[in-house]
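Engineer: I'd like to ask some things about the structure below.
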Amino acid sequence: MIVAGIDVGSLTAKALIMKDGEIIDFDIITVRPTPVQSAGDVMEKALNKTGLKMDDLDYCVSTGYGREQISFSRKSISEISCHGMGAHWCRPSIRGVIDIGGQDCKAIIVDKDGNLDNFAMNDKCAAGTGRFLEIISKALGIDLAELGPLTFKSNNPLKIVRRCSVFAEYEVIFLLAEGKDVTDIGAGVNEAMAQRAFSLASSINLNNKLTGELTVTGGVAKNVGVIKNLEKLFDAEIVSLPLDPQIMGALGAALFARRYYEKEVRV
Amino acid sequence: MHFSIGMDIGLVGIKGVVMKGENIVAQVVKDTGVRPALAAKECYEQLLSDADISSDKIQAHGVSGWGSKTLSFDFDIEYLPDVVCLAKGAKWACPTSRMVVDVGAQTAKVARFDGNGSVKKYELSDKCASGTGRFLEIMSAALGLKVNNLGQIGQAASKLVEISSQCSVFAESEIISYVNTGEKTEDIVNGINYSIAKRVSTIIMRVGIQEDIIITGGVAKNDAVVRYIEEMVKVRFKDYGVDPQMIGAIGASLTAQQT
């Protein structure tokens, strides 16, 4: 049985191919002008490496914002379900996923089979997304990559009071003008960011309801300071995934494809 | 007649007045910059020199605004609630008014007050930059325009490019995408003016509309925003012959006189 999952996001498109329950290949490209083109190109690239053709696919499921338009996929499923399913397959003890990207933040609870139990999402406000960290690191005059380690260098993280990214940026500029240390401000920023994600997760009771492991995905997962603060807030270890987290959506879609194939086609 | 000084310390600008009784003797606006304490001190000194008066002649000092609590002065000063000063200043600027809408750099405030300028009901929005002057500044910078020109530019539009993001950060990316898809600058600006007017109107409706209403704060200088708010809440703002930015400082000065 050969199945595929395809994830067309706003910045990248991903395709992943599974054969008999094992990943045989995947690929990631930057998006083309239309979701249809992105899907076609990334699937072709992934297939090429395996020597397979489109006709060899038994079932394909699509996800991501362009998921409805892909003609070779037989079903489309929300990226939240796929993301949770993919992460759970990588590490079956996972029950909670927090995905913090450049434009949104999602908290996901999955059951013992990887099915979506509950979720919360913020895509309305830049506070609590990667954009917040981008804005603040620019105000601090440091690279985004330098921000995370500051948590481990500071003995006195400063509290960032304002939630709105625009006003928090001012707050940081005033702190700098007062002569406060970049290390302490940066550590405070990581703390504030973790607090936002924790609040979102708490809105679906992820903090109390966590029955297994917790992972954090998305660009902000690379910030070790945010991760450290989240571990403190959740009072739990945050585990990492054995595969590129970017591919979780496509992986989850392929897993759904396998499930639908078994249910609809093979009987 | 007693002299008093009122200062309104905002996120972007510090506004100050010297008053003799009910009359303005001098007024100063300064950029807050990154050192509000220094800017406030400079504003104070310039007020004294513009009014040609020594500090011992000032009987009352009132300060309000975002920065007031964080600053200290070497003379007795009344720290006054923003909304109290705003209502007092509005009543002074337009004696028949009973309601004021103030849109500043980081706060939108709406207050109803009685014939003495005492606040009866108010609402404010200071958690989110949408619906504040800061929103307009970010959008104008993204388009390479001066914030003071947004009103005029927007009024030349032939259509409205609606901004769907409420968040200033996301709205900034959104308008850049409209530039890239070939939308005209004036049509995008029209959408920006409409967007902030919608946020402010929501706050006005929470307080409940009352005739005899004025609009103050830096954003009151944007005619297009003012017209949109008038359409949305179905009211006409009264004219008054004072710089709309100065109302809070005037209110601070008057309130300090009375305490």
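The values are calculated or read from the model by the stated rules, or taken from the named source; none is laboratory data. Predicted model only: the values in this text are computed from it and were never measured. So basically every Cβ, Gly included, is an ideal-geometry build from the backbone, and we count neighbours across all protein chains shown. Ligands, DNA and RNA are excluded from the accessible area calculation, which covers all protein heavy atoms including side chains. Shrake-Rupley method; radii C 1.70, N 1.55, O 1.52, S 1.80 Å.
Engineer: Could you list, in sequence order, all residues of region A:2-30 that are modelled with pLDDT of 90 or more and in a loop (DSSP other than H, G, I, E, B)? Before the answer, list the steps.
Structural biologist: So the first thing to find is which residues in region A:2-30 are modelled with pLDDT of 90 or more, and the list is A:2-8, A:13-30.
Result: A:Asp20, A:Gly21.
Engineer: How many residues are outside any loop (DSSP other than H, G, I, E, B), over 22 Å from the mean Cα position of the chain (by Cα) and polar (S, T, N, Q) if we restrict to region A:46-74? Spell out the reasoning first.
Structural biologist: Initially, region A:46-74 is screened for residues outside any loop (DSSP other than H, G, I, E, B), giving A:46-50, A:54-56, A:59-63, A:67-69.
Still in the list and also over 22 Å from the mean Cα position of the chain (by Cα): A:47-50, A:54-56, A:59, A:69.
Among the residues that remain, those that are also polar (S, T, N, Q) are: A:48, A:50, A:69.
So the count comes out to 3.
Engineer: Starting from region A:97-120, keep only residues that are more than 17 Å from A:Phe234 (Cα to Cα) and within 14 Å of chain B (Cβ to nearest Cβ), then list their pairs with residues that are open to solvent by 50 Å² or more (accessible area, probe 1.4 Å) and part of a strand (DSSP E or B) whose Cβ atoms are within a distance under 7 Å, requiring at least 6 positions of separation or different chains.
Structural biologist: Close Cβ pairs satisfying both conditions: A:Asp104/A:Met121.
Engineer: Against the conditions (1) closer than 24 Å to A:Leu214 by Cα; (2) surrounded by fewer than 23 Cβ atoms within 10 Å (Cβ to Cβ); (3) not basic (Lys, Arg), where does A:Val36 fall short? Just the number, please.
Structural biologist: Only one criterion is unmet by A:Val36, namely (1).
Engineer: Inside region A:117-236, counting only helices (runs of 4 or more DSSP H) that do not spill past its ends, which hold 2 or more residues that are under 16 Å from the mean Cα position of the chain (by Cα)? Give the steps one after another, and end with the answer.
Structural biologist: Working: elements: A:130-140, A:144-147, A:150-153, A:165-177, A:182-202, A:206-209, A:224-234.
Those helices (runs of 4 or more DSSP H) span A:130-140, A:182-202, A:224-234.
Condition check ((1) assigned by TED's automatic domain parsing to the domain that holds A:Ser165; (2) among the basic types (Lys, Arg); (3) within 30 Å of B:Phe170 (Cα to Cα)) across all residues:
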site: A:Lys49; (1), (2), (3): no, yes, no
site: A:Leu52; (1), (2), (3): no, no, no
site: A:Thr63; (1), (2), (3): no, no, yes
site: A:Cys82; (1), (2), (3): no, no, yes
site: A:Leu116; (1), (2), (3): yes, no, yes
site: A:Asn122; (1), (2), (3): yes, no, yes
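Engineer: Given (1) open to solvent by 20 Å² or more (accessible area, probe 1.4 Å); (2) touching a residue at least 40 places away in the same chain (Cβ under 8 Å); (3) of a type outside the set (Ser, Thr, Tyr), identify the lone condition not met by B:Val200.
Structural biologist: (1)
Engineer: The conditions are (1) within 27 Å of B:Asn190 (Cβ to Cβ); (2) open to solvent by less than 10 Å² (accessible area, probe 1.4 Å), and B:Gln106 fails exactly one of them. Which is it?
Structural biologist: (2)
Engineer: Of all residues in region B:142-164, which are touching an Asp or Glu at 6+ places or on another chain (Cβ under 9 Å) and of a type outside the set (Gly, Ala, Ser)?
Structural biologist: Filtering region B:142-164 for residues touching an Asp or Glu at 6+ places or on another chain (Cβ under 9 Å) gives B:142, B:147, B:151-161, B:163-164.
Listed by number, the residues that qualify are B:Val147, B:Gln152, B:Ile153, B:Gln155, B:Lys159, B:Leu160, B:Val161, B:Ile163.
Engineer: Taking the stated definitions as given, is A:Leu206 more than 14 Å from every other protein chain (Cβ to nearest Cβ), touching a Gly at 6+ places or on another chain (Cβ under 9 Å) and either of a type in the set (Ser, Thr, Tyr) or closer than 30 Å to A:Arg258 by Cα (or both)?
Structural biologist: On the way: more than 14 Å from every other protein chain (Cβ to nearest Cβ): yes; touching a Gly at 6+ places or on another chain (Cβ under 9 Å): yes; either of a type in the set (Ser, Thr, Tyr) or closer than 30 Å to A:Arg258 by Cα (or both): yes.
So A:Leu206 fits the description; yes.
Engineer: So, one more: Does A:Thr50 meet the test of being within 14 Å of chain B (Cβ to nearest Cβ) and of a type in the set (Ser, Thr, Tyr)?
Structural biologist: Values: within 14 Å of chain B (Cβ to nearest Cβ): no; of a type in the set (Ser, Thr, Tyr): yes.
Against the criterion (within 14 Å of chain B (Cβ to nearest Cβ) and of a type in the set (Ser, Thr, Tyr)), A:Thr50 does not qualify.
Engineer: Those residues that are among the hydrophobic types (A, V, I, L, M, F, W, C) and farther than 8 Å from A:Gly225 by Cβ, I need them from region A:182-193; list them, please.
Structural biologist: Of region A:182-193, the ones among the hydrophobic types (A, V, I, L, M, F, W, C) are A:182, A:185, A:187, A:189, A:192-193.
Passing the criteria: A:Val182, A:Ile185, A:Val189, A:Ala192, A:Met193.
Engineer: Those residues that are of a type in the set (Gly, Ala, Ser) and open to solvent by 50 Å² or more (accessible area, probe 1.4 Å), I need them from region A:102-147; list them, please. Lay out the reasoning, then the answer.
Structural biologist: Restricting attention to region A:102-147, the residues satisfying the condition of being of a type in the set (Gly, Ala, Ser) are A:102, A:107, A:114, A:120, A:126-128, A:130, A:137, A:139, A:141, A:145.
Listed by number, the residues that qualify are A:Gly141, A:Ala145.
Engineer: Within region B:127-165, count every residue that is surrounded by fewer than 15 Cβ atoms within 10 Å (Cβ to Cβ), free of Cβ contacts under 8 Å to residues at least 24 places away in the same chain and over 18 Å from the mean Cα position of the chain (by Cα).
Structural biologist: 3
Engineer: Right, something else. Please go through region A:160-174 and give me each residue that is in contact (Cβ under 8 Å) with a residue 12 or more places away in the chain and either touching an Asp or Glu at 6+ places or on another chain (Cβ under 6 Å) or more than 7 Å from chain B (Cβ to nearest Cβ) (or both), ordered by number.
Structural biologist: Selection gives A:Ile160, A:Ala168, A:Glu169, A:Val172.
Engineer: Tell me yes or no: at least one residue of region A:202-210 is touching a residue at least 24 places away in the same chain (Cβ under 8 Å) and within 30 Å of A:Ile23 (Cα to Cα).
Structural biologist: yes
Engineer: Within region B:220-231, does at least one residue satisfy the condition of being open to solvent by less than 60 Å² (accessible area, probe 1.4 Å), within 14 Å of B:Leu86 (Cβ to Cβ) and modelled with pLDDT of 95 or more? Show your work before the answer.
Structural biologist: In the first step, residues of region B:220-231 are kept if they are open to solvent by less than 60 Å² (accessible area, probe 1.4 Å); the result is B:220, B:222, B:224-226, B:228-230.
Pick out the ones that are also within 14 Å of B:Leu86 (Cβ to Cβ) and you get B:220.
Restricting the remaining residues to those that are modelled with pLDDT of 95 or more gives B:220.
Yes, region B:220-231 contains a residue that is open to solvent by less than 60 Å² (accessible area, probe 1.4 Å), within 14 Å of B:Leu86 (Cβ to Cβ) and modelled with pLDDT of 95 or more.
Engineer: Can you find a residue in region B:166-182 that is within 14 Å of chain A (Cβ to nearest Cβ), of a type in the set (Gly, Ala, Ser) and surrounded by 18 or more Cβ atoms within 10 Å (Cβ to Cβ)?
Structural biologist: yes
Engineer: Could I ask something else about it? Residue under question is A:Ile70, and the condition is that it be open to solvent by less than 20 Å² (accessible area, probe 1.4 Å), touching a helix residue (DSSP H, G or I) at 6+ places or on another chain (Cβ under 9 Å), without any contact (Cβ under 8 Å) to a residue 24 or more places away in the chain and not assigned by TED's automatic domain parsing to the domain that holds A:Ala126; does it hold? Break it down into steps so the answer makes sense when it comes.
Structural biologist: Values: open to solvent by less than 20 Å² (accessible area, probe 1.4 Å): yes; touching a helix residue (DSSP H, G or I) at 6+ places or on another chain (Cβ under 9 Å): yes; without any contact (Cβ under 8 Å) to a residue 24 or more places away in the chain: no; not assigned by TED's automatic domain parsing to the domain that holds A:Ala126: yes.
So A:Ile70 does not fit the description; no.
Engineer: Quick test of your reading of the structure: A:Met85 fulfils all but one of (1) more than 19 Å from A:Phe119 (Cα to Cα); (2) surrounded by 24 or more Cβ atoms within 10 Å (Cβ to Cβ). Name the failing condition by number.
Structural biologist: (1)
Engineer: Of the conditions (1) away from chain B (no Cβ under 14 Å); (2) open to solvent by 50 Å² or more (accessible area, probe 1.4 Å), A:Ala192 clears all except one; give me its number.
Structural biologist: Of (1) away from chain B (no Cβ under 14 Å); (2) open to solvent by 50 Å² or more (accessible area, probe 1.4 Å), only one is false for A:Ala192: (2).
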